[in-house]
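Below is one structure, written out as structure tokens; comments come after it.
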Amino acid sequence: MNAVEIKDLYKSYEDGKIKALNGVDLTIADGEFVSIIGPSGSGKSTLLNMLGALDVPDSGSINVAGEDLSSSKKLNQFRGEKIGFIFQLHNLIPNISVVENVEIPMFTQKLSSKDMRAKALKLLDDVGLKDKAKMLPNKLSGGERQRVAIARALANDPSIILADEPTGSLDSKTSSRILKQLIDLHEDKNVTLIIVTHDMDVAKLADRVIEVLDGEIISAGDDSLINSKIDV
């Protein structure tokens, strides 16, 4: 079974002046760990947004976790049930506690407030931050905030985790710890893990490295060019 199936995907902005994705074809297996690399403006973040149903294509088909995102009218529900997001700047809400941040994705689930709190505390314990549960995010270090973001990304029991430069603002020691936790989660729970990164050291940890350039996939990580429009 495939976690992602994309065919002939196009996306442009500013009335077609900016071609963010230009005929992308891509398949990612269920439970696979892939990294997506490419220079700034190559289309990799647009592709990640498509995978997470944060944006919709102009044309083409995109099926993620069994959902046809090019025609679905329930994108909010899909995100809440299937996707865990981790962003470079963590995007925690600053005026609520760490544990309350982790609880946010659970509001789409049929859980009591007691069960939500218990689950959030368990997730924080898994990332070594249960003792910081009642603190505000701004009282934590950058690495701790990113670990909270990992806990939050798992709160809805996602089948796919999307991480956009998850270690981009961290020092090397903290980055290694964050990456180890992500890889352990991927392996222990068989979660499909998709990381966008500029760092080749991070990218090479994946099962497969996907290269994006000018809105096209020029390599799918298997030494073959995916897009026939590319001149070899």
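The values are calculated or read from the model by the stated rules, or taken from the named source; none is laboratory data. Because the structure is predicted, anything quoted here is derived from the model rather than measured. Counting neighbours? That spans all protein chains shown, and the Cβs are built from the backbone with ideal geometry, glycine included. The accessibility values were calculated without ligands, DNA or RNA, using every heavy atom of the protein model including side chains. Shrake-Rupley method; radii C 1.70, N 1.55, O 1.52, S 1.80 Å.
Is at least one residue of the stretch 83-100 among the acidic types (Asp, Glu), modelled with pLDDT of 95 or more and closer than 30 Å to residue 135 by Cα?
Yes, the conditions are met somewhere in the stretch 83-100.
Condition first: open to solvent by 40 Å² or more (accessible area, probe 1.4 Å) and either hydrophobic (A, V, I, L, M, F, W, C) or on the phi > 0 side of the Ramachandran plot (or both). Can you find one or more residues in the stretch 42-50 that meet it?
Step one: of the stretch 42-50, the residues open to solvent by 40 Å² or more (accessible area, probe 1.4 Å) are 45, 49.
Right, trim to either hydrophobic (A, V, I, L, M, F, W, C) or on the phi > 0 side of the Ramachandran plot (or both) and you get none.
No, because not a single residue in the stretch 42-50 is open to solvent by 40 Å² or more (accessible area, probe 1.4 Å) and either hydrophobic (A, V, I, L, M, F, W, C) or on the phi > 0 side of the Ramachandran plot (or both).
Which is more than 27 Å from residue 152 (Cα to Cα) and at pLDDT 85 or above, of 35, 61, 45?
So the residue among 35, 61, 45 that is more than 27 Å from residue 152 (Cα to Cα) and at pLDDT 85 or above is 61.
Inside the stretch 150-164, can you point out the residues that are outside any loop (DSSP other than H, G, I, E, B) and either in contact with a Cys (Cβ under 6 Å, 6 or more places away or on another chain) or charged (D, E, K, R) (or both)?
Within the stretch 150-164, 152, 164 qualify.
Could you list, in sequence order, all residues of the stretch 3-41 that are assigned to a loop (DSSP other than H, G, I, E, B) and within 20 Å of residue 202 (Cβ to Cβ)?
31, 32, 38, 39, 40, 41
Filter the stretch 123-164 for residues that are under 14 Å from the mean Cα position of the chain (by Cα) and either of a type in the set (Asp, Glu) or on the phi > 0 side of the Ramachandran plot (or both); which is most open to solvent (accessible area, probe 1.4 Å)?
For the stretch 123-164, the residue satisfying everything is 157.
Which of the residues belonging to the stretch 80-112 are surrounded by 17 or more Cβ atoms within 10 Å (Cβ to Cβ) and out of contact with any helix residue (DSSP H, G or I) (no Cβ under 9 Å at 6 or more places or on another chain)?
82
Give the stretch 165-206 a look and list any residue that's more than 23 Å from residue 27 (Cα to Cα), of a type in the set (Gly, Ala, Ser) and either open to solvent by 90 Å² or more (accessible area, probe 1.4 Å) or assigned to a helix (DSSP H, G or I) (or both), or say none.
The answer is 172, 175, 176.
Which number in (1) surrounded by fewer than 13 Cβ atoms within 10 Å (Cβ to Cβ); (2) over 30 Å from residue 198 (Cα atoms) marks the one condition that residue 117 misses?
(1)
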